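Student: This is the structure I want to talk about, given as structure tokens.
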Amino acid sequence: MVNILIVTHNKIGVEILKSAEIIVGKCIPSVKTISIPGNLKSDGLGLYADQIKSDIEFLEKGDGVLILTDILGATPSNLVHYFASSHNVKILAGLNLPMLIRILNYADQPLELLAKIGIVGANKGITKEIGI
């Protein structure tokens, strides 16, 4: 089974995971969250880089790790991309609740497919309001 690492600004990942767990209401795969302060200074990056590396290695049990971040190009995303090439991971940015719910419901799928399922869940969870 693919394990999941959520790396976001502040407590976004923690809170969205809590909501998803209530909605899904079933046993979910191994999920870890890392909350990176929005006001993090460059001298604090090493601590979070070490934590990301450690959590990826802990979660990588052979089926890979799906990493979810909130904003592409922001500090959480940049830190996880640093480790992507040396591990069996897929990274999705733009974390939203529909994405996470879809991923948790299909967590038994292979890593590549699970990443695509997450993208579909995220996209279907975004609608255009009438008049915009």
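The values are calculated or read from the model by the stated rules, or taken from the named source; none is laboratory data. Just so we're clear, the structure is a prediction, and the values are computed from it rather than from any experiment. Here Cβ is always computed from backbone atoms with ideal geometry, including for glycine, and neighbour counts include all displayed protein chains.
Student: Can you name every residue in the stretch 89-107 that is outside any helix (DSSP H, G or I) and of a type in the set (S, T, N, Q)?
Tutor: Residue satisfying the conditions is Asn96 alone.
Student: Moving to a separate point now. From (1) surrounded by fewer than 16 Cβ atoms within 10 Å (Cβ to Cβ); (2) modelled with pLDDT of 95 or more; (3) under 13 Å from the mean Cα position of the chain (by Cα), pick out the condition that doesn't hold for Ser54.
Tutor: Failing condition for Ser54: (3).
Student: Could you please find all residues in the stretch 105-121 being without any contact (Cβ under 8 Å) to a residue 40 or more places away in the chain and over 15 Å from Val31 (Cα atoms)?
Tutor: Taking the stretch 105-121 and keeping what is without any contact (Cβ under 8 Å) to a residue 40 or more places away in the chain, we get 106, 112-113, 116-117, 119-121.
Those that are without any contact (Cβ under 8 Å) to a residue 40 or more places away in the chain and over 15 Å from Val31 (Cα atoms): Glu112, Leu113, Lys116, Ile117, Ile119, Val120, Gly121.
Student: Just give me the residues in the stretch 108-125 being part of a loop (DSSP other than H, G, I, E, B) and in contact with a helix residue (DSSP H, G or I) (Cβ under 8 Å, 6 or more places away or on another chain), in sequence order.
Tutor: Gln109, Gly125
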